[in-house]
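Q: Dropping a structure here in structure tokens format, bear with me for questions.
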Amino acid sequence: MAEHHQHPITPVRTYVFVWLALLVGTVLTYVFARSDFGWANTPIALVIAVTKALLVLYFFMELRHSTRMTVLTAVAGFFWLILMLSTFMMDYGTRMAVVLPVPGK
Amino acid sequence: MASTPLVDRHEHGYGAPHGHRHPAHQFETMAQQKESSTLGMWLFLVTEIMFFGGLFTAYMVYRHMYPVAFQVASSTLDATLGGTNTAVLICSSLTMALAIRSAQVNQLKRIVPFIVATMVFGMIFLGIKYVEYANKFHENHVPGPSFNLVLEDAQEAQAAAAADPLYQRHAEIFFSLYFIMTGIHATHMIVGLGILAVLIYFARRRKFDAEYYNPLEMTGLYWHFVDIVWIFLFPLLYLLGAHTH
């Protein structure tokens, strides 16, 4: 029956490993959040979240077996999101109160 | 060429792999049909990235502007319930992937049980969500006329007011984002549950096998995407103030 498939079939073991990794990631997120790392708390949480998302995309959503067109579409979507977030922060992140020197003093 | 009977081409499909299935008339092969479905679903998911992306951007901007209020507001959410819901959705993604895999390896009897398991996890998620919303309602943390944020810890309230005199009004923005983002996410879950129920109906009528399981796989893509949205919602909404308690 294998010749009917357009791509190899992921073994159950792989899915279970990904599931476990996702659960571990969730626990790690929770544990790290309970400690105070100052400014690093948010980046740590986001790195773990991005890793979990990549695991879901690559294995559960089968991007690893998908055509380049499909992968390009997915990448384009997330690339747009990065543009959205970064350009907004370029604006809001650089809005600071500026005290201008008074001429003549 | 002229001697090739028309009925032959209809039955086997010119160049298609041998099997019992035919693609819909506009496709030449089952593989082309599958690729078309996949691409179409991913294009829809890109619009979902834009949809949720806008909300995440709003969250990012307001959190940047009112960090103290957001931290205080976030600490009133139950991170244990949120974390449990994260684990529940991750389990549902596993059972969804296994449902699709069952079709791929022609273990057709397992498709429905795995879909049912996925739906059970989905309903547990919604049940926990309801408990959370009820808690917020009773604590008067729902934005609107009844909104009234009163912190248990008087010192914390003092520190917050010192850092941001309007922290309660700014916390109301957090709760607006909380309800809208988790509410729309929950709506996506409900729609997903409806689609899964329809899949059970079709699976029981033996619509799916190793040659054709596109609706299962496309629903899987949708379901996993909704899981990914929650993977980001959980730390951003629930864990902001977790280190302060």
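The values are calculated or read from the model by the stated rules, or taken from the named source; none is laboratory data. Please read these numbers as outputs of a predicted model, since none were measured by experiment. Virtual Cβ from ideal backbone geometry, glycine too; neighbours counted across all protein chains shown.
Q: Return yes or no: is B:Asn148 in contact (Cβ under 8 Å) with a residue 40 or more places away in the chain and of a type in the set (S, T, N, Q)?
A: On the way: in contact (Cβ under 8 Å) with a residue 40 or more places away in the chain: no; of a type in the set (S, T, N, Q): yes.
No, not satisfied.
Q: How many residues are in a helix (DSSP H, G or I) and either closer than 26 Å to B:Ala159 by Cα or more than 20 Å from the chain's Cα centre (by Cα) (or both) if we restrict to segment B:72-100?
A: Residues of segment B:72-100 in a helix (DSSP H, G or I): B:72-74, B:79-100.
Still in the running and either closer than 26 Å to B:Ala159 by Cα or more than 20 Å from the chain's Cα centre (by Cα) (or both): B:72-74, B:79-80.
Counting residues in segment B:72-100 that are in a helix (DSSP H, G or I) and either closer than 26 Å to B:Ala159 by Cα or more than 20 Å from the chain's Cα centre (by Cα) (or both) gives 5.
Q: If you don't mind, there's one more thing I want to ask. Restricting attention to segment A:14-40, and to residues there that are within 9 Å of chain B (Cβ to nearest Cβ) and of a type in the set (S, T, N, Q), which single residue is surrounded by the most Cβ atoms within 10 Å (Cβ to Cβ)?
A: Within segment A:14-40, the subset within 9 Å of chain B (Cβ to nearest Cβ) is A:15-16, A:18-19, A:22-23, A:25-27, A:29-30, A:32-37.
Then keep just the ones that are of a type in the set (S, T, N, Q); that gives A:26, A:29, A:35.
Values: A:Thr26: 23, A:Thr29: 25, A:Ser35: 10.
Result: A:Thr29.
Q: Right, next: Has segment B:55-62 got at least one residue that is more than 10 Å from chain A (Cβ to nearest Cβ), at pLDDT 95 or above and over 19 Å from B:Phe174 (Cβ atoms)?
A: no
Q: Please work out if B:Thr187 is modelled with pLDDT of 95 or more and either over 27 Å from B:Ala31 (Cα atoms) or within 11 Å of chain A (Cβ to nearest Cβ) (or both). Outline the logic, then answer.
A: Numbers: modelled with pLDDT of 95 or more: yes; either over 27 Å from B:Ala31 (Cα atoms) or within 11 Å of chain A (Cβ to nearest Cβ) (or both): yes.
Yes, satisfied.
Q: Given the residues A:Leu81, A:Leu54, which is the only one that is surrounded by 14 or more Cβ atoms within 10 Å (Cβ to Cβ) and in a helix (DSSP H, G or I)?
A: On the way: A:Leu54 fails: surrounded by 14 or more Cβ atoms within 10 Å (Cβ to Cβ).
None of the others qualify; the one that does is A:Leu81.
Q: Give me the residue from segment A:60-74 that is at the interface with chain B (Cβ under 8 Å from one of its Cβ atoms) and assigned to a helix (DSSP H, G or I) and, out of that set, nearest to A:Thr10 (Cα to Cα).
A: So the residue we want is A:Phe60.
Q: Given the condition on the phi < 0 side of the Ramachandran plot, assigned to a helix (DSSP H, G or I), of a type in the set (Lys, Arg) and surrounded by fewer than 21 Cβ atoms within 10 Å (Cβ to Cβ), answer yes or no: does some residue in segment B:207-224 qualify? Steps first, answer last, please.
A: The initial filter retains those residues of segment B:207-224 that are on the phi < 0 side of the Ramachandran plot, namely B:207-224.
Now drop any that are not assigned to a helix (DSSP H, G or I), which leaves B:214-224.
Add one more test, that the residue is of a type in the set (Lys, Arg), and what stays is none.
So far as segment B:207-224 goes, no, none of its residues is on the phi < 0 side of the Ramachandran plot, assigned to a helix (DSSP H, G or I), of a type in the set (Lys, Arg) and surrounded by fewer than 21 Cβ atoms within 10 Å (Cβ to Cβ).
Q: Counting only residues that are among the aromatic types (Phe, Trp, Tyr) and over 13 Å from B:Phe175 (Cα atoms), which one in segment B:109-152 is surrounded by the fewest Cβ atoms within 10 Å (Cβ to Cβ)?
A: Residues of segment B:109-152 that are among the aromatic types (Phe, Trp, Tyr), as a first pass: B:114, B:121, B:125, B:130, B:133, B:137, B:147.
Narrowing further to those that are over 13 Å from B:Phe175 (Cα atoms): B:114, B:121, B:125, B:130.
Values: B:Phe114: 22, B:Phe121: 20, B:Phe125: 25, B:Tyr130: 11.
Result: B:Tyr130.
Q: Here is a further query. Can you name the condition, by its number, that B:His22 falls short on among (1) at pLDDT 95 or above; (2) away from chain A (no Cβ under 12 Å)?
A: Result: B:His22 passes all but (1).
Q: Of everything in segment B:76-135, what is closer than 20 Å to B:Leu216 by Cβ, away from every other protein chain (no Cβ under 14 Å) and in contact (Cβ under 8 Å) with a residue 40 or more places away in the chain? Give them in sequence order.
A: So in segment B:76-135, the residues closer than 20 Å to B:Leu216 by Cβ come out as B:89-123.
Next, only the ones that are away from every other protein chain (no Cβ under 14 Å) stay: B:109, B:111-113, B:115-116, B:119-120, B:122-123.
Matches in segment B:76-135: B:Ile111, B:Val112, B:Ile115, B:Val116, B:Met119, B:Gly122, B:Met123.
Q: Are there any pairs with C-beta distances below 7 angstrom linking a residue in segment B:218-230 that is facing chain A (nearest Cβ under 10 Å) to a residue that is of a type in the set (D, E, K, R) and assigned to a helix (DSSP H, G or I), with the two at least 6 apart or on different chains, and if so which?
A: B:Phe225/B:Glu48
Q: Go over the candidates B:Tyr213, B:Tyr238 one by one and state the one that is within 14 Å of chain A (Cβ to nearest Cβ) and more than 30 Å from A:Thr42 (Cβ to Cβ). It would help to see each step written out before you state the result.
A: Numbers: B:Tyr238 fails: more than 30 Å from A:Thr42 (Cβ to Cβ).
When all the criteria are applied, what remains is B:Tyr213.
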